[in-house]
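One structure is given below, encoded as structure tokens.
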Amino acid sequence: MTRPERIVEPARAAGVPGEPEPHDSALGHVTGAARYIDDLPEPAGTLHAALGLSDRAHADLTRLDLDAVRRAPGVVLVLTAEDLAHNDVSPTGKGDDPVLAHGTVLFHGQPIFVVIANDREAARRAVPLADITYADRSAQLDIAAAEPAGGDLVTEPLTLRIGDAAAAIAGAPHKLSGQFAIGGQDHLYLEGQIALAIPGEGDEMQVRSSTQHPSEVQRMVAHALDAPAAAVTVDVRRMGGAFGGKETQANLFAVVAAVAARATGRAVKLRLDRDEDMRATGKRHDFQVSYQVGFDAAGHIHGVSATYAARCGFSADLSGPVTDRALFHADNCYRYPAADLRSRPLRTNTVSNTAFRGFGGPQGMLGAERIIEEIAYATGQDTLAVRRANVYRNGDVTPYHQTIEDCVLTRLMDELEVSADYQTRRAEVLAFNRASPVLRRGISLVPVKFGISFTATWYNQAGALVHVYRDGSVHLNHGGTEMGQGLHTKVAQVVAGVFQIDRALVRITATSTGKVPNTSATAASSGTDLNAAAAADAAGQIRARLMAFAAEAYGVAPGQVVFERGMVHLGARRLAFADLVEAAYMARVHLSAAGFYKTPEIHWDRAAGRGRPFYYYAYGAAVSEAEIDTLTGETALRRVDILHDVGRSLNPALDLGQIEGGFIQGLGWLTSEELWWDAEGRLRTHAPSTYKIPLASDVPPAFTARLAGWSENAKPTVRRSKAVGEPPLMLAMSAFEAISMAVASVADYRACPRLDAPATPERVLMACRRLEAGA
């Protein structure tokens, strides 16, 4: 069958790519009609599970008496590590991530046993009846304790080198060094971790899981049950948020539910409450960045040497790729002529940290901004001037030896500087600070460069399944998962665009390992790039068949078959899309297709620290103006202006939503969300009552986000669009830098405040006092 060389599309149907189509579940979200796992009807006889968690950070289990638990009302079964044939859910196969603790507990909140009962309340009431005796061991709880104790690493570190950093720093006219503590962050998704396992015939198991990676859950459950992957089906219609916290962390809960379902022959549901969820699941990694930089009087960087040490927790989880990506983004938007960058993924007796929106990139980029800030205060310049002096341009080479080819940073910064009236407002900020003894202000323009692709090259693939039914409606299934970001809507728009039909005719169905196999996680900002391309491939195959059939059946040239606004033009004749489909069906044309896509050009040699790990870069810039109270340390954002590059937007409404939401989530990470463990390794910020996420009142009164409408991806992605999931979070660095400038004003901008993150009122206040004292 010959495909036409050119398809003429003079007009578009409603809801196709480029239109600000609402989220497919928007109405369901606001009315409560959208159903999550806990809303679904439970099979008859469903049992409920609860976890028994450790109350020690590091200890031997010398006694585990669960007799009273087993005798508790309503209890059907109690499981321990001895009951599991395969007690591991390590995503990297290291074998260091047990489902249930065996012999030794490695963090406070680690699951030790599982109670399965007739109802959830009975299971939870039975848990405290356990009689457990511990023999405590020494615990390394943070980077400061782990590094001096020998720095046990959970996985292999990475080094990136370009040029001779030591020589460049030594030969530079100016040099400085410092340390920067960057805090972690809890995902605080609205829907907590949950799984429902339903046993089928023989070794079959259906799992409904709130996961970003259905195929990994499938693999973990199959391994735990000693069953082939084909016997396990994992379904995900939607998640109530994830942000990376359900990329690997959902594995344990799905395995527990499935093992219990196999043991009892009944459906089993496991749903954590918020306190348990926060104690037992991983967070964004906190980092300690140690840096040296050499530079000249104009602020040009000559060389950088930096170590990125991360609190990884008790097991590897995804700490290897997370700390790798921190190094990939340790330059942010700036050329380092010579660099020596090292990761230190440290083992600690805390929950194993995991993926979080940005995946190490935010920590790496924030380290770069600290270096820029240090140089600016050392040379007496505006930080924007130092950023401009070092910003990437096409042809520059990154520390991992990828050449920059698609850089729009200078244009973004120029346009935003003017539209946000940066220079005038900065002068006003300086004038305000000279006249104000208590309240101080700061303003900062910060750019962002974020690489798009999985650094694990094999994950850069996707599949999709498209059926066209006789009435012209379309069934769409793909390997991506919907967690509120609008992925399903965008992919449906792409399919509607291929057929030039209204998006309402494209029915979005739950992600299922039974329909699309071997899916990659919906992560790395690549969900749309991968899955929309796979869906377009599938729809394109069907469209080509329809065109070939129409050309033959109606006696026109292939180029005269044009799809437009729900109609198909056949030369002078017009048919409704549904009528052409019906005719094709009667002629036995195949109206189903499986699509596939793999990202081209990318490659990575980790041992050599060289390659092209990213297909392209997404760019953005933000101006933030902040105000602090030097007597209390309280901060407030006064205004934010964002200009962000999404290429040719597939859906401007969804893209703007991601930009605004990402900025606010980043703002929480950098200002108010503080994770705090006590001396015994207990997480004390374990609920919304003690962990402060941004509120509506934290949104600045003037908040403008715009898309760079002139941008177009240089790479042939779907409609030349760019990823938008993770990059906007890092725009919040502008708020952190604005707060830092306000703090610097108390010492007349003579010294870098060296403000650690998050910039809580306590940290801001202490930084002000330190600068006032001349320390």
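Applying the condition of being over 19 Å from SER444 (Cβ atoms) and hydrophobic (A, V, I, L, M, F, W, C) to region 391-420 and asking which residue is farthest from the chain's Cα centre (by Cα) yields VAL397.
Here the helices (runs of 4 or more DSSP H) wholly within region 82-186 that include at least 2 residues being open to solvent by less than 10 Å² (accessible area, probe 1.4 Å), aliphatic (A, V, I, L, M) and over 30 Å from ARG370 (Cα atoms) are 120-126. Considering region 559-615, and only residues there that are hydrophobic (A, V, I, L, M, F, W, C), touching a residue at least 40 places away in the same chain (Cβ under 8 Å) and closer than 30 Å to PRO157 by Cβ, the residue that is surrounded by the most Cβ atoms within 10 Å (Cβ to Cβ) turns out to be PHE614. If you go through region 309-361 and pick out every residue that is charged (D, E, K, R), open to solvent by 10 Å² or more (accessible area, probe 1.4 Å) and within 18 Å of the chain's Cα centre (by Cα), you end up with 2.
How many residues does region 277-295 hold that are open to solvent by 10 Å² or more (accessible area, probe 1.4 Å) and over 22 Å from the mean Cα position of the chain (by Cα)? Qualifying residue count, region 277-295: 2. Pairing residues of region 220-234 that are in a helix (DSSP H, G or I) with residues that are buried (at least 16 other Cβ atoms within 10 Å of the Cβ) and polar (S, T, N, Q), at Cβ distances under 9 Å and at least 6 apart in sequence or on separate chains, gives MET220/ASN251; VAL221/SER209; VAL221/ASN251; ALA224/ASN87; ALA229/SER215; ALA229/GLN218; ALA229/THR513.
If a residue must be in a helix (DSSP H, G or I) and open to solvent by 30 Å² or more (accessible area, probe 1.4 Å), how many such residues does region 665-688 contain? Going through region 665-688 one residue at a time, the tally reaches 0. Applying the condition of being surrounded by 17 or more Cβ atoms within 10 Å (Cβ to Cβ) and either free of Cβ contacts under 8 Å to residues at least 12 places away in the same chain or not aliphatic (A, V, I, L, M) (or both) to region 456-471 and asking which residue is nearest to LEU546 (Cα to Cα) yields GLY463. Residue selection: THR528 satisfies the criterion of being open to solvent by 10 Å² or more (accessible area, probe 1.4 Å), of a type in the set (S, T, N, Q), touching a residue at least 24 places away in the same chain (Cβ under 8 Å) and not in a loop (DSSP other than H, G, I, E, B). Listed conditions (1) in contact (Cβ under 8 Å) with a residue 12 or more places away in the chain; (2) open to solvent by 30 Å² or more (accessible area, probe 1.4 Å); (3) farther than 19 Å from GLN249 by Cβ; (4) out of contact with any Pro (no Cβ under 9 Å at 6 or more places or on another chain) are all met by ALA306, apart from (2). Of the set (1) on the phi < 0 side of the Ramachandran plot; (2) surrounded by 22 or more Cβ atoms within 10 Å (Cβ to Cβ), all apply to ALA298 but (2). With respect to the stated conditions, ALA539 is open to solvent by less than 10 Å² (accessible area, probe 1.4 Å) and in a helix (DSSP H, G or I).
Taken across region 689-696, residues that are surrounded by fewer than 20 Cβ atoms within 10 Å (Cβ to Cβ), touching a residue at least 12 places away in the same chain (Cβ under 8 Å) and farther than 27 Å from ALA144 by Cα do occur, with at least one present.
Being charged (D, E, K, R), closer than 30 Å to LEU650 by Cα and open to solvent by 30 Å² or more (accessible area, probe 1.4 Å) is a condition met by at least one residue of region 35-43.
Per the listing ARG56, ARG63, ARG70, the residue uniquely under 39 Å from the mean Cα position of the chain (by Cα) and open to solvent by 30 Å² or more (accessible area, probe 1.4 Å) is ARG56.
Taking region 201-215 only, how many residues are touching a residue at least 12 places away in the same chain (Cβ under 8 Å), surrounded by fewer than 23 Cβ atoms within 10 Å (Cβ to Cβ) and outside any strand (DSSP E or B)? Here the count works out to 4. Any residue in region 706-721 that is closer than 30 Å to ASP629 by Cβ and without any contact (Cβ under 8 Å) to a residue 40 or more places away in the chain? No, region 706-721 has no match at all.
The values are calculated or read from the model by the stated rules, or taken from the named source; none is laboratory data. What you see is a predicted model; the values in this text were computed from it and never measured. In this analysis, Cβ positions are derived from the backbone assuming ideal geometry, glycine residues included, and neighbour counts consider all displayed protein chains. Calculation scope for accessible area: heavy atoms of the full protein, side chains included, ligands and nucleic acids excluded. Shrake-Rupley method; radii C 1.70, N 1.55, O 1.52, S 1.80 Å.
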